[in-house]
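The block underneath contains the structure these notes are about, expressed in structure tokens.
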Amino acid sequence: MADTTGHLPGGAAAAPSARNLTGAWIILLLALAPQLVELLIALAGLIVQTSGRTPSQVLSAHAAALVQAIPTLARQAAGEGRTALSSDVLLAVIYTYPLLAVALFTWLVRIRAPQDYYGGIALMAIALFALWASSDLQGMRGFSFGPGTAPRMLGVLLLGLGAVVAATGVIADGADIAPYHWRGPLFVTLAILTFAVAIRPLGLVVAGLASFLISALGTSETRWGETLVVGIALTIGCALLFPYVLGLPMPLFPRFLVP
């Protein structure tokens with residue numbers, strides 16, 4: 001009964017641990033990460049003279065979005081007319097507010113499996129960011145897929161998976177947070193950057209396969225024969241899916257091979 005009610009034996013309430021408070025602060029920073037990143041870019045723009053919003057414009061725009069997001073949605077729900085929401089307001093509604101609620105929940109709840117819980121929260125954050133980033137892309141029209149259909153479908157699936165994993169960390173006992181290993185995140189990040197830089201000049205086939213092989217360097221347990229076979233199969237699947245099934249204008253081969 002003590003496990004299900006959140007009370008300790010003897011009637012004392014189970015207070016949130018210091019780690020819960022630390023986790024809540026980390027999730028709070030994660031909720032505001034896009035706004036903070038844009039603010040840092042704007043501050044850097046003062047030095048290198050790049051185009052874009054100034055730091056004061058970034059602060060005022062996001063502050064107004066955080067304040068106006070819920071009233072705007074309430075007015076639309078009340079039938080007072082639908083207006084197009086700005087990107088800042090959509091960021092607050094789709095990404096920031098849900099993670100702020102998760103941060104509050106993290107502070108209040110007793111986490112029984114921290115590794116599962118925080119891993120699920122990380123998946124949810126990625127999914128929410130993907131849903132916001134694809135919010136301005138066209139969705140389905142009839143039976144035809146738009147450029148925003150696949151990201152939204154994958155985002156919803158990832159959001160559900162993350163919620164299930166996080167709920168497991170609250171319901172069932174499990175492992176504590178494992179020691180952090182830099183190798184995996186480093187090579188996965190390098191793979192993403194490689195794909196972003198190489199997709200236009202080298203095409204989907206080369207960029208996709210190279211990114212997959214770079215990400216495989218993230219673990220010492222990689223079996224390169226099997227990895228190469230899986231990478232080729234996934235590359236072929238992506239080469240068929242994105243340009244032909246989804247109709248996305250993505251180059252397949254390097255520019256110097258295309259007449």
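Given DSSP loops and a limit of at most 13 other Cβ atoms within 10 Å, what is the longest stretch of the chain that contains no such chymotrypsin sites (Phe, Trp or Tyr not before Pro)?
Numbers: sites that count: F143, Y180, W182.
Value returned for the longest uninterrupted segment is 1-142.
With labels modelled as points extended 7 Å from the Cα through the Cβ direction, what inter-label distance (nm, one decimal) is found for I70 paired with V48?
About 3.8 nm separates the two model spin labels.
Tell me the label-point distance for the pair D173, A77, using the 7 Å Cα-to-Cβ offset, in nm and rounded to one decimal.
4.0 nm
Rounded to two decimals, what is Rg over Rh for the chain when you use alpha-carbon atoms and the Kirkwood radius? If you can, show how the numbers build up before the last one.
On the way: Rg = 22.1 Å, Rh = 21.7 Å.
Expressed as Rg/Rh, it is 1.02.
Mind listing the phi-derived Karplus ³J(HN,Hα) values for region 23-37, rounded to whole Hz, using 6.51, -1.76 and 1.60 with θ = phi - 60°, and x for any glycine or proline?
x, 5, 5, 5, 5, 4, 5, 5, 5, 9, 4, x, 5, 5, 5
Could you work out how far apart the two model spin labels at L137 and L217 are, taking each label as a point 7 Å from the Cα in the direction of the beta carbon, and quote it in nm?
With each label placed 7 Å out from Cα toward Cβ, I get 2.7 nm.
With θ set to phi - 60° and the Karplus curve 6.51 cos²θ - 1.76 cosθ + 1.60, what are the ³J(HN,Hα) couplings of region 71-77 in order, to the nearest whole Hz, using x for Gly and Pro?
The phi angles translate into x, 5, 5, 5, 5, 5, 5 Hz.
Please state, as a whole number in µm²/s, the translational diffusion coefficient that the Stokes-Einstein equation yields for region 190-259 at 10 °C and 1.306 mPa s, with Rh defined as the Kirkwood radius across alpha carbon pairs. Write out the running numbers ahead of the final one.
Working: Rh = 12.5 Å.
The diffusion coefficient I find is 127 µm²/s.
How large is the accessible surface per residue of the chain, computed with a 1.4 Å probe and reported in Å² as a whole number?
On the way: 16230 Å² over 259 residues.
Ligands and nucleic acids excluded, the result is 63 Å² per residue.
How much length, in nm to one decimal, is gained on full extension between L241 and R200, taken as 0.36 nm per residue of separation minus their Cα-Cα distance?
On the way: separation 41, 0.36 × 41 = 14.76 nm, distance 1.74 nm.
Length difference between fully extended and current span is 13.0 nm.
Can you pull the Rg over Rh of region 149-238, Cα-only, Kirkwood? Present the calculation step by step, with values, prior to reporting the outcome.
On the way: Rg = 16.3 Å, Rh = 15.5 Å.
On the Cα set of region 149-238, Rg over Rh gives 1.06.
What percent does the relative contact order of the chain come to when contacts are Cα pairs within less than 8 Å and at least six residues apart? Could the numbers behind the result be given before it?
Details: 280 pairs, mean separation 39.7, N = 259.
About 15 percent, as a whole number.
Given 0.36 nm per residue, what is the gain on full extension from A84 to F253 after removing their alpha carbon distance, in nm? Mind dumping the intermediate values first?
Values: separation 169, 0.36 × 169 = 60.84 nm, distance 3.81 nm.
Contour length minus Cα-Cα distance gives 57.0 nm.
Check I177: other-chain or 5+ apart residues with amide H under 5 Å from its amide H, H built from backbone geometry?
Sorted by chain and number, the residues that satisfy this are Q115.
Tell me the angle of helix 97-108 to the major Cα principal axis of the chain, expressed in degrees between 0 and 90 and rounded to the nearest ten.
40 degrees
How large is the convex hull of the Cα atoms of region 113-195 per residue, expressed in Å³ as a whole number?
On the way: hull volume 8.3 nm³, N = 83.
That works out to 100 Å³ per residue.
The values are calculated or read from the model by the stated rules, or taken from the named source; none is laboratory data. Everything numeric here is computed off the predicted structure, so don't read it as measured data. Note: ideal-geometry Cβ built from the backbone for every residue, glycine included; neighbour counts use all protein chains shown. Accessible surface is based on the protein model in full, side chains and every heavy atom, while ligands, DNA and RNA are left aside. Shrake-Rupley method; radii C 1.70, N 1.55, O 1.52, S 1.80 Å.
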